[in-house]
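Undergrad: Next up is a structure, given as structure tokens.
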């Protein structure tokens, strides 16, 4: 009799556990995609590309760069914001220039490690050179690495639990 009671109790607990797991999967399946498509997130990279005016379709360049960088780095397209602006004039290395360079301000999330940043920069440079026709040697990329508490977005100062460098005091002087 005790064995039958234990078997029924085990069967009932197993049914409840399955229901709880299914409810958890349902909630996760609804919440995660909604969270993923909330628009620009503070941890999303932004790429500001600046050139002299060029005779190319900028929308096409941005689409191609977005596709290629996403494919090369594995970072989904919806997580990187690209925007383009132009300079009126550039004096580069003491000379007026009319065709180059490409300057890129790369705003990387605080939790990217150096390998991810290097991959993003390298793939970005290759794709920009390919689609602008400007040699890769004239593509300059500078990262803006937001430190903990130094990004204001979504109506508040952002902080990350998975921040790559937890000590803000380690800002180094350029030697």
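Undergrad: Which FRET efficiency, nearest 0.05, do residue 50 and residue 76 yield, Cβ-Cβ r, R0 30 Å? Kindly include the intermediate steps, with their values, before the conclusion.
TA: Details: r = 25 Å, r/R0 = 0.82.
It comes out at approximately 0.75.
Undergrad: Further, regarding this structure: Just to be sure I understand the model, the point goes 7 Å from the Cα along the line to the Cβ. What's the resulting residue 113 to residue 90 distance in nm?
TA: 3.3 nm
Undergrad: For residue 122 paired with residue 14, estimate the spin-label separation in nm (one decimal), with each label point 7 Å from Cα along the Cα-to-Cβ line.
TA: 5.2 nm
Where a number appears in this text, it was derived from the coordinates with a stated rule and is not lab data. Every value quoted in this text rests on a predicted model; they were computed, and no experiment measured them. Positions of Cβ are backbone-derived with ideal geometry, glycine not excepted, and every protein chain shown enters the neighbour counts.
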